[in-house]
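Colleague: Okay, here's the structure, questions in a sec.
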Amino acid sequence: MSDTASKITPILLAGGSGSRLWPVSRDQLPKQFQPLVGSFSTYQQTLKRVSDPALYGAPVVITNEDFRFFAQRQAEDVDSPVQVVLEPARRDSAAAMAAAAVIAEKRAPGGLVLALAADHVVLNDGLFTDAVALGRKAADEGHIVVFGLTPTEPRTSYGYIHPGDVFGEDEDLRLVEAFVEKPDAATAISYLQKGYLWNSGNFLFRSDVMIEEMRTYSPEILAAVTRAVEKAETDLGFLRLHQESFEASPKNSIDYAVIEKTSKIAVVRGHFPWSDIGSWDAIWEVADKDQAGNAVEGEGVALNSEGCLIHSRSLMTTVIGARNLVVVATKDAVLVVPKERSQEVKALVDTLKASGRGAVTEVHKRAYRPWGYVEDMLSGERSSVKRLLIDPGARTSLQRHMNRAEHWVVVRGTATVTIDDHITILTENESAYVAPGTVHRIANEGRIALELIEVRTGAYMGEDDVVRIEDDYRRS
């Protein structure tokens, strides 16, 4: 067996949204790429969890077009060499899992795959690795291994696993008698009494076994995704699945498509603290707390309060005399909700979109670009002020705007500025003016980040007022 085949291939599913964690999680920068618990995003935490080169091969990340550069950059920030695979449409977890299995089978036929949700929190990586090591024997012998956790309450938002006979010698590794999705409250209570486990949503399997089970139980999904992988193209280092083929796949979750139906399933009872952090009350549960049960992530103070969560990375956020409140602040939105009603945030997001305020659910004040980011500092009817940060070696597209002028002031670094046929070098405190209709570009050819203040003026300030002439990142 080759060294590659002997290692487990981690597959991270990183294409979800997470509207229940608004205002931090938004359509264009969802929860898996946010530092919700600790200083790293859950995506980065997951990459670090599978970084042992003795056990794991290079991870494969399956995400969508909007997140491709962000997924690549966050992986680089934690020194993880990933292959990013782009889904051209949302088809739920069954299609993503099929893609994972087909791609892994091409890499190492019959090799082990560890499929992980990129938006979960695991608070003890060592215990998680122990669970993977325990499940490896069952996976090698042709079982799809799920990781179960002992329930703490009868949650209706989780799938449940009924463990059966012991597999091997360890009581924590068993065959599965039943796998059921999201029961009602009364059924969930009965499951706790019968010793069922929560399904963590992570899987360990041989790639050829998952392919065969999908061929048996979800042949349409497998056929469409296999074609999409076979016709995939490499673009700027990303593997872009064939759009028409992938869109032909039915939408379904892997739980309904395969896991509930297959007989080749085993479960490891995990002892690692885990949460799918699907809502703010779940964030509170896994966060560090003071003696009064208050959790503060970022800049916040809870005075004479109990059981509260404050989450603010940008504003000093305070509460006095509060009990069981969630207070979340970003640069452009504040959420205050009783902890027990955290699930209603999704309905709030739907209301904002229906009332014409959908922009605040889609983008942050800081919008990330392949070359860095743009941060909205001040906006008016005919003017706006932006802060631009351009990474070393990166540059914007060569473009023009028909309805606005731009004024640039260099705050830090050195800018190589193209305006029509003229190229100018600007250093700190120097500026340039770009008239409407003028072809322009900013490049950072230095070794440190380039920071600029951009003042836009004009009759129309929309982001769609751009004509790209050349673009290193092949954006239309």
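Colleague: Looking only at residues in segment 67-107 that are touching a strand residue (DSSP E or B) at 6+ places or on another chain (Cβ under 7 Å), farther than 24 Å from LEU222 by Cβ and not hydrophobic (A, V, I, L, M, F, W, C), which one is surrounded by the fewest Cβ atoms within 10 Å (Cβ to Cβ)?
Modeller: Once the filter is applied, the top-ranked residue is GLN72.
Colleague: What residue, among those in segment 157-192 that are part of a strand (DSSP E or B) and charged (D, E, K, R), is least open to solvent (accessible area, probe 1.4 Å)?
Modeller: Checking each candidate, the answer is ARG174.
Colleague: Go through segment 108-122 residue by residue and tally those that are touching a helix residue (DSSP H, G or I) at 6+ places or on another chain (Cβ under 6 Å) and either surrounded by fewer than 20 Cβ atoms within 10 Å (Cβ to Cβ) or among the acidic types (Asp, Glu) (or both).
Modeller: 2
Colleague: Among the numbered criteria (1) assigned to a loop (DSSP other than H, G, I, E, B); (2) over 22 Å from ALA71 (Cβ atoms), which single criterion is violated by ARG215?
Modeller: Answer for ARG215: the failing condition is (1).
Listed here are the residues, each with its yes/no results for (1) surrounded by 12 or more Cβ atoms within 10 Å (Cβ to Cβ); (2) closer than 26 Å to THR396 by Cβ; (3) out of contact with any helix residue (DSSP H, G or I) (no Cβ under 9 Å at 6 or more places or on another chain).
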| position | (1), (2), (3) |
| --- | --- |
| VAL334 | yes, no, yes |
| SER342 | yes, no, no |
| LYS346 | yes, no, no |
| THR361 | yes, no, no |
| ARG366 | yes, yes, yes |
| VAL374 | yes, yes, yes |
| ARG382 | no, yes, yes |
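Colleague: What do you reckon, is ILE310 farther than 26 Å from ASP66 by Cβ and surrounded by fewer than 20 Cβ atoms within 10 Å (Cβ to Cβ)?
Modeller: So ILE310 fails the test.
Colleague: So, one more: What number of residues within segment 394-427 are part of a loop (DSSP other than H, G, I, E, B) and either under 22 Å from ILE448 (Cα atoms) or touching a residue at least 40 places away in the same chain (Cβ under 8 Å) (or both)?
Modeller: Of the residues in that region, 9 qualify.
Colleague: Let me ask something additional. Hey, can you tell me all the residues within segment 36-57 that are without any contact (Cβ under 8 Å) to a residue 40 or more places away in the chain, under 19 Å from ALA100 (Cβ atoms) and open to solvent by 30 Å² or more (accessible area, probe 1.4 Å)?
Modeller: SER51 - this is the single residue of segment 36-57 that is without any contact (Cβ under 8 Å) to a residue 40 or more places away in the chain, under 19 Å from ALA100 (Cβ atoms) and open to solvent by 30 Å² or more (accessible area, probe 1.4 Å).
Colleague: Then there is this: With respect to THR234, determine if the residue is among the β-branched types (Val, Ile, Thr), closer than 30 Å to ARG475 by Cα, without any contact (Cβ under 8 Å) to a residue 24 or more places away in the chain and in a strand (DSSP E or B).
Modeller: The answer is yes for THR234.
Colleague: Residues ILE442, ILE448: which one is surrounded by 13 or more Cβ atoms within 10 Å (Cβ to Cβ), touching a residue at least 24 places away in the same chain (Cβ under 8 Å) and either more than 24 Å from ARG475 (Cβ to Cβ) or hydrophobic (A, V, I, L, M, F, W, C) (or both)?
Modeller: After applying the criteria, what remains is ILE442.
Colleague: Give me a count of the residues in segment 16-35 that are surrounded by fewer than 24 Cβ atoms within 10 Å (Cβ to Cβ) and closer than 16 Å to ALA115 by Cβ.
Modeller: 1
Colleague: Could you check, for segment 261-277, whether at least one of its residues is part of a helix (DSSP H, G or I) and modelled with pLDDT under 95?
Modeller: No, segment 261-277 contains no residue that is part of a helix (DSSP H, G or I) and modelled with pLDDT under 95.
The values are calculated or read from the model by the stated rules, or taken from the named source; none is laboratory data. This one's a predicted model, so the numbers in the text were calculated from it and none came from an experiment. All Cβ positions, glycine included, derive from the backbone under ideal geometry; neighbour counts span all protein chains shown. SASA here: full protein model, heavy atoms, side chains in, ligands and nucleic acids out. Shrake-Rupley method; radii C 1.70, N 1.55, O 1.52, S 1.80 Å.
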